[in-house]
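First up is the structure itself, then whatever we jot down about it.
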Amino acid sequence: MQPVRIGILLMTPPLSGRRHMLRRVVLLVLIAVLAVYLVLPMALGIFAVLPTREPVGAPPDGFGEITLTTGDGVALKAWYAPPDNGAAIILLHGAGSSREAVRSYAAMLVRHGYGVLAPDLRGHGGSDGATNRFGWQGTCDVGAAVTFLEAQDGVETIGGMGLSLGGEVLLGAASAYPQVTAIVADGATQRSPEELSALESERPLYRSFVTRVMYTTVQAVSGIKPPKPLLDSMFEADSTEFLLIAGGAVPREVAFGEVFAETVGERVRLWVAPDAGHTGAFGRYPEEYEQRVIAFFDATPGAGE
């Protein structure tokens, strides 16, 4: 029997070895948790403020190249085409992009007689200023666009249209600039920690922790505080009409659109484009997209007359 006992002892790892293995497993789990919940969101927050300069080509036919100056002294490069119907639309691109990405949208609006002012948001494209892919200073950029359009002959009504970040910037500026009487926001969700609470599913800390770390990193690195929540701005802009477009294949996008519509009420129209991805409705349903957007802007007082 003695050889059997020796065999068992040889096959059983020493206690110290098992403890060492357990410590290694715990360490690996801890590293994985830190990577997912701290390192990754912090890296995304740093990425959000890195300069982004997507190349911009020549202006589309009928557009001229202009420069806007914001109230805080930032020069924004832009394209502008005057209106034929008295209404001009501020057209804003998405995060990390430039006005180059909105050429087809500009062409759609111009076909229907609308003027278009398409700037590069600060820190994007050819514009000066610090980059912030959440557009926390975007209200200043909208203000520069409004000031320019109010000084143009033939502009009687101002509207706004934005993709993703651009839509969020316009919604966030709505209360500050009621001159923008109609806003189309395609793919807008949230851009600050406070706005996460708009969705009940995101209120628990375990659901929103990673996003909150990312936003906190952006604030720490940029020195800029998050702006007024989108819902507050929309609610306070009591004379502004909104058309929200959500990609049906993006549940969070649909959820935010529904919350915006339910909270703000009859001034919000929501179109959930079936099976469309983020800002993918125009590419998937070009004719319906154009019909809905133009009908919305045509219903704005002073437009299309």
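The values are calculated or read from the model by the stated rules, or taken from the named source; none is laboratory data. Small disclaimer: the values here were computed from a predicted structure and weren't measured. Quick reminder, even Gly has a Cβ in these numbers, built from the backbone with ideal geometry, and neighbours come from all protein chains shown. The protein model used for the area step is the full one, side chains on, heavy atoms only, and it has no ligands, DNA or RNA in it. Shrake-Rupley method; radii C 1.70, N 1.55, O 1.52, S 1.80 Å.
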Helix 2-11 sits off the longest principal axis of the Cα atoms of the chain, rounded to the nearest 10 on a 0 to 90 degree scale, by 20 degrees
Using only Cα atoms and rounding to the nearest 10 degrees, what angle (0 to 90) does helix 205-222 make with the longest principal axis of the chain? 60 degrees
Angle between the Cα long axis of helix 15-34 and the longest principal axis of the chain, 0 to 90 degrees, nearest 10? 0 degrees
How are the alpha carbon pair distances in the chain distributed across 10 Å bins from zero to the largest one, expressed in percent? 6, 25, 31, 17, 6, 4, 4, 3, 2, 1, 0
Phi-based couplings in Hz for the stretch 153-159 (Karplus 6.51, -1.76, 1.60; Gly and Pro marked x): 5, x, 9, 10, 9, 10, x
Can you tally the net charge around A48? Count Lys and Arg as +1, Asp and Glu as -1, for every other residue whose Cβ sits under 11 Å from the Cβ of A48. +2
With a Förster radius of 45 Å, plug the Cβ-Cβ distance of R207 and M21 into 1/(1 + (r/R0)^6) and report the FRET value to the nearest 0.05. 0.85
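Can you give the accessible area per residue of the stretch 215-272, in Å², using a 1.4 Å probe? Before the final figure, lay out the partial values.
Details: 2700 Å² over 58 residues.
Accessible area per residue: 47 Å².
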Relative pair counts by distance (%), Cα atoms of the stretch 170-305, 10 Å bins: 12, 37, 35, 14, 2, 0
Below 8 Å, C-alpha to C-alpha, sequence gap of six or more: please give me the relative contact order for the stretch 183-305 in percent. 27 percent
Work out how much length E262 to D128 would gain on full extension: take 0.36 nm times their residue separation and subtract the Cα-Cα distance, in nm to one decimal. 44.5 nm
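Test of understanding: what is the full-extension gain from S104 to D232, defined as 0.36 nm times their sequence separation minus their Cα-Cα distance?
Value of the extension gain: 43.0 nm.
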Express the carbon and sulfur contribution to the solvent-accessible surface of the stretch 94-250 as a percent, rounded to the nearest whole number, probe 1.4 angstrom. 52 percent
Local charge sum around G223 (other residues, Cβ-Cβ under 15 Å, Lys/Arg +1, Asp/Glu -1)? +1
Assigning unit charges at the beta carbon (Lys, Arg +1; Asp, Glu -1) and nothing else, what dipole magnitude in debye, to the nearest 20, does the chain show about its Cα centre? 2560 debye
